[in-house]
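Each remark here refers to the structure printed beneath this line.
The values are calculated or read from the model by the stated rules, or taken from the named source; none is laboratory data. Remember, it's a predicted structure, so these values are computed and weren't measured experimentally. Here the Cβ is made from the backbone with ideal geometry for all residues, glycine too, and neighbour counts use every protein chain on show.
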Amino acid sequence: MAQIKQLLLEAETILTSAKIENPKLDAQLLLSELLQISRTELLLNSEITLEQATIFNEQIQQRCNHRPIQYITGVAYFRYLTLRVGEGVLIPRPETEELVSGVIEKINAADRPITLIDLGSGSGAIALAVAYEIPDVKVIAVEKSDDALLWLRKNKDLIAPHVEVISADVKDFVVAKKVDFVTANPPYLPDAEMLPKDVEDFEPAAALRGGADGMDIPNQFILCAARVLKNGGYFAIEHGEQQGESIKIALNYFFTEVVLHYDLTGRPRWTSAIRNDLEVSN
């Protein structure tokens, strides 16, 4: 048997030497996930098996190389969901949960039936959260990356099998029947923006970078939303905190009632808008 307290102390020292930002927390998160217990329960236990200790030490070495914890454990938590993730798909961020809250509030106040399309769905965080929390909504998840689609389909099968997954690029995605809601968390980081090693070296650049000023890809998503939304349909898009005005300008032609939403720290993080009646030319 191996002593938990000693293992954690040693792991914290190793991670500190590797310049990991939160060594104590990361060590606890990895071990609690390995043992499938909470961090509180972890500190109440005294021993684990030698086999578990070996796996934990291997995980600590991976973290020393800045591999994200979510890729090491294979899971990411998002609202009420446990999503499977790994190389090739963006790790869902807590900030996106606030966009989902806003969308769910609007859906709950809307007449049925409702169809929602999630553009650039990635792991399926937004699409599956809506489908899980409001099962009577028809949800369509659109994604072009083959790697991300593997994780999206895996998560769909585990969480909400009724969600429809479509492999398509937003640049030319169209629908036969326009829908009520569209959500999007597009790649919006400027190409030259410096990122932490954990992100830069491991997460897919195509899911992060949005062009020179970060707006090339969001503009594509906005145009796609205009194509697939019915008049009066609701659009919600996540963006960088410095991009609120650029997003508003991009929305102004095909949308009205543009509203910038702030996160709990007061940072502008997503924008909603209502589709007007102007047609999108092909």
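Here is how the numbers come out for the structure above:
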{"item": "Subset tally (residues that are touching an Asp or Glu at 6+ places or on another chain (Cβ under 6 Å) and of a type outside the set (A, V, I, L, M)) for the stretch 97-133", "result": "3"}
{"item": "Residue in the stretch 206-215 that is in the same structural domain as Leu99 (by TED's automatic domain parsing), touching a residue at least 60 places away in the same chain (Cβ under 8 Å) and either hydroxyl-bearing (Ser, Thr, Tyr) or assigned to a loop (DSSP other than H, G, I, E, B) (or both) present", "result": "yes"}
{"item": "Residue, nearest to Ala160 (Cα to Cα), within the stretch 68-97, restricted to residues that are touching a Lys or Arg at 6+ places or on another chain (Cβ under 9 Å) and among the small types (Gly, Ala, Ser)", "result": "Ala76"}
{"item": "Hey, Leu229 in the same structural domain as Ile114 (by TED's automatic domain parsing), closer than 30 Å to Gly88 by Cβ and more than 21 Å from the chain's Cα centre (by Cα) or not", "result": "yes"}
{"item": "Qualifying residue in the stretch 167-178 (condition: touching a Cys at 6+ places or on another chain (Cβ under 7 Å), part of a loop (DSSP other than H, G, I, E, B) and of a type in the set (Val, Ile, Thr))", "result": "yes"}
{"item": "Residue count, the stretch 33-46 (criterion: polar (S, T, N, Q), touching a Ser or Thr at 6+ places or on another chain (Cβ under 8 Å) and within 15 Å of Ala2 (Cβ to Cβ))", "result": "0"}
{"item": "Search result, residues across the stretch 245-266 that are at pLDDT below 95 and under 24 Å from Ala127 (Cβ atoms)", "result": "Tyr262, Asp263, Leu264"}
